[in-house]
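See structure below.
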């Protein structure tokens, strides 16, 4: 049975989160993904556990918009999702949706905008999850072709 909680960055939790980021790097599913170090972890952070094993997590950070964009004004209170990850064997079970919902509940009333950037190599899945399932609005895309 999967259990969910707000993470505390004690030694066992930090160790497992770093190990999960190493697994994510090995998947080679994102451009430029590097394994986390303890200093990369941010609060708030929520985790999904199967027994004592963390199988998924989400964390991010609060910020104030400093430059005007086409859709977010200067001074707006924002929250940026830094990472959302679920182990491959646990995907398509609603774990990511639950973690995302927990984060939204945490930041509700504290910010005007939730933002995120994704570097996935499978943009279709990312757009499906974030735009179609979670209700985020697609704003722009950075595309490239390597020669």
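Where a number appears in this text, it was derived from the coordinates with a stated rule and is not lab data. Remember, it's a predicted structure, so these values are computed and weren't measured experimentally.
Over segment 1-86, what is the mean sequence separation of C-alpha contacts under 8 Å (at least six apart), divided by residue count, expressed as relative contact order in percent? Don't skip to the answer; put the middle values down first.
On the way: 130 pairs, mean separation 22.6, N = 86.
For segment 1-86, the relative contact order is 26 percent.
Note the full-extension length gain between residue 118 and residue 105 as 0.36 nm times their separation in residues minus their Cα-Cα distance, in nm to one decimal. Spell out each step's value before the answer.
On the way: separation 13, 0.36 × 13 = 4.68 nm, distance 2.12 nm.
That pair, residue 118 and residue 105, stretches by 2.6 nm at full extension.
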